[in-house]
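Remarks on the structure that follows.
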Amino acid sequence: MKKDLLKLLDLTGEEIKEILDTADQMKYSQKHGIPHDALRGKTLAMIFEKNSTRTRVSFEVGMYQLGGHALFLSGKESQIGRGEPIEDTARVLSRYCDGIMIRTYSQEEVESLARCATIPVINGLTDFAHPCQVLADLMTIREKMTRLEGLKMAFVGDGNNMANSLIVGGLKCGMDVSVACPEGYDPDPQVLDFAASVEGPRFQLCRSPQEAVADADVVVTDVWASMGQEEERAERAKAFAGYCIDDKLLSYAKPGCMVQHCLPAHRGEEITAQVFEAHADEIFEEAENRLHAQKAVMYLLMK
Ligand code: CP
Ligand code: NVA
């Protein structure tokens with residue numbers, strides 16, 4: 001494995017598979033009471049410059065289950081909020097801790113942190129990427145469908161951090177990926193360049209949700225206004241009209257298709273309450289798998 005998990009673009013398909021296999025083992029051990037405290041005595045610093053429920057709890061609980069300890073650093077309350085350079089924070093935390101998880105705005109900040117830290121850095125979400133979430137999504141899809149290769153994943157909505165990571169993760173794992181976004185809300189150009197470099201017609205970017213979802217095995221969506229875009233909410237609601245996952249849209253997908261949502265969800269916006277509840281088991285399994293996937297990442301990077 002590499003030193004850090006900053007974005008899925010940095011990983012090979014084999015490395016992603018190694019994480020997913022380890023995550024399955026972590027889940028098995030946890031469910032069967034098999035001790036797996038490989039990170040005994042180790043500490044993970046968790047820097048949060050944005051809100052979180054799942055990421056914070058799953059990293060903290062995961063570290064505890066691995067025999068280690070996690071500490072919460074709020075961006076606002078630490079010296080980061082008063083302008084201490086991320087490069088200095090990296091050098092200080094490297095002397096106390098064994099790993100750093102960071103949730104922030106800019107991907108460049110996370111890359112700088114990793115360049116200056118001598119310990120592993122894990123991206124817990126930036127505006128560009130959400131690799132830990134997508135590892136959990138891939139784990140959940142593989143668990144239910146028994147494979148990833150050859151399946152079609154459709155993402156409908158904003159070309160944001162989730163779309164970026166799903167495109168890269170899905171393609172690297174051999175899935176076909178189809179994305180529908182309104183004009184002006186496309187995925188990042190770096191991600192589209194990567195998708196264009198993948199052999200075969202395995203990626204599609206279109207404007208029509210029906211076209212994207214056609215014959216899909218898995219349909220994924222995310223909020224229309226991400227953290228930091230709250231003031232654009234009304235404007236985005238207009239731009240995304242017609243991009244809601246409802247029963248009619250799902251009728252274009254394969255019968256029995258899966259639905260994934262990273263949460264939190266806005267019922268009545270990107271997904272109807274009816275579709276959400278019909279697929280709640282898959283969606284909350286996906287949330288649970290954050291724990292197992294991140295334990296795998298921490299184990300592989302910090303052991
Ligand atoms: N899906 C996800 O990352 O959730 P939180 O924002 O609650 O961490
Ligand atoms: N795209 C969302 C994901 C939340 C987990 C956001 O960045 O707010």
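The table for this structure:
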item: Around ALA129: net Lys/Arg minus Asp/Glu count, Cβ-Cβ under 9 Å; result: -1
item: Sum of -39500 (n - 2.57) over DSSP H runs of 4+, divided by residues of the chain (222 nm, nearest 500); result: -13500 deg cm²/dmol
item: Measure of compaction for region 227-293 (Cα Rg per 2.2 N^0.38 Å); result: 1.24
item: Span from the region 67-85 Cα centroid across to the region 221-237 one, whole angstrom; result: 27 Å
item: Quotient of C-alpha Rg and 2.2 N^0.38 Å, computed over region 115-203; result: 1.13
item: Cβ-defined net charge surrounding TYR96, 14 Å radius [Lys, Arg +1; Asp, Glu -1]; result: +1
item: Rh by Kirkwood over Cα pairs, then Stokes-Einstein D for region 1-52 at 1.306 mPa s and 10 °C, µm²/s; result: 116 µm²/s
item: Two-decimal Rg/Rh across region 189-303, once Rg and the Kirkwood Rh are taken from alpha-carbon atoms; result: 1.01
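Every read-out reported here was derived from the displayed coordinates using simple, explicitly stated rules and does not represent laboratory data. Keep in mind that this is a model prediction, so the values were computed, not measured. We place every Cβ from the backbone using ideal geometry, glycine too, and count neighbours over all the protein chains shown.
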